[in-house]
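Below is one structure, written out as structure tokens; the observations come after it.
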Amino acid sequence: MNFKYLLGSIISVPLLPLMYFQGKKIRQTVPELPEAQGIEGFVSKREGPTFKLLTIGESTMAGVGAKTHEEAFTGTLAKELATKLDVNIHWKVYAKSGYTLKSVTHKILPQIEEIDADLIVIGMGANNAFKLSSPSKWTKDVAELIKTLRVQFPKTPLAFINMPPIKDFPAFTPTIKFVIGNLVDLLGGALEKEIKNHESVFFNSEKLAFDDWTDRFGYEKDHSLFFSDGVHPTVLTYQMWATNFSSFLVNEKIVEERLKNNFPISKK
């Protein structure tokens, strides 16, 4: 068992009753926001073939906190990649708020209709942390998700987005931020280690830097600007997060091989 997880468990056990009552109060005060609408879209840049993007995952990929996916993470990512790579992009979302990795693997992946894709982006972590998944269980579920996707998409690059910034959630108490925030950090470390066992699987392990974002755009250092209900992102956060992730994909040349083989284009 991961030593840090074991140590964290020992420290956290006395805090569980307090966390239970704090969590119950948070659920009563945080509004239940709907998932974004419009799970499919197209970005037109030029004549020629179309790059196929799929996103899967939990509430971040489901766009909770935004009205439409076009203005949330997936739509923004598609627009950014279309510009950076000079391609048309067809995008589609397969996601459900509240789902863990295992739920996504067993309930969402069987619904995927596509038989090919040029990139699959995965956003997970919060719900596994909320359910206090151990790093070993998380690692096992990550491996199962990848193995299942590989049956249908043997050569498609898989890219995990940054772990959710739970330590910055305004709605959470310091106790919950400490316990769940540290756990999600451990899960991120386990994910980074596990993907090394798989080809064409990537993970942006960089932590989201809200203070840097506020400095860049002249906002006061108020993290509530970035969370629609104290937990889920605002449209601003989705767009900045997706823009940042698009740069990661391009800088790491994650879709380089797909572009070279399938798209007779020159990247900008």
Region 217-265, residues that are outside any helix (DSSP H, G or I), closer than 24 Å to residue 86 by Cα and modelled with pLDDT of 80 or more = 252, 253, 254, 255
Go through 117, 159, 171 for me and flag whichever is modelled with pLDDT under 90 and of a type in the set (Gly, Ala, Ser).
-> 171
Across region 51-110, what is the number of residues that are under 17 Å from residue 159 (Cα atoms) and among the acidic types (Asp, Glu)?
-> 2
Are any residues in region 232-256 over 14 Å from the mean Cα position of the chain (by Cα) and hydrophobic (A, V, I, L, M, F, W, C), and if so, which ones?
-> 235, 236, 250, 254, 255
Does region 68-82 contain any residue that is surrounded by fewer than 24 Cβ atoms within 10 Å (Cβ to Cβ), modelled with pLDDT under 95 and closer than 24 Å to residue 226 by Cα?
-> no
Can you run down the residue pairs with Cβ atoms below 8 Å, 6 or more apart or on separate chains, where the first is in region 197-209 and in contact (Cβ under 8 Å) with a residue 40 or more places away in the chain and aliphatic (A, V, I, L, M) and the partner is in a loop (DSSP other than H, G, I, E, B) and surrounded by 13 or more Cβ atoms within 10 Å (Cβ to Cβ)?
-> 201/157; 208/162; 208/165
Pull up region 60-86, narrow it to residues that are in contact with a Lys or Arg (Cβ under 9 Å, 6 or more places away or on another chain) and of a type in the set (A, V, I, L, M), then point me to the one that is nearest to residue 238 (Cα to Cα).
-> 61
Does residue 87 satisfy the criteria of being of a type in the set (A, V, I, L, M, F, W, C) and within 15 Å of residue 62 (Cβ to Cβ)?
-> no
Are any residues in region 80-100 in a helix (DSSP H, G or I) and farther than 14 Å from residue 55 by Cα, and if so, which ones?
-> 80, 82, 83, 84, 85
Complete set of residues in region 140-189 that are over 22 Å from residue 121 (Cα atoms) and in a helix (DSSP H, G or I) = 167, 168, 174, 175, 176, 177, 178, 179, 180, 181, 182, 183
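The values are calculated or read from the model by the stated rules, or taken from the named source; none is laboratory data. Keep in mind that this is a model prediction, so the values were computed, not measured. Every residue, glycine among them, receives a Cβ derived from its backbone with ideal geometry; neighbour counts consider all protein chains shown.
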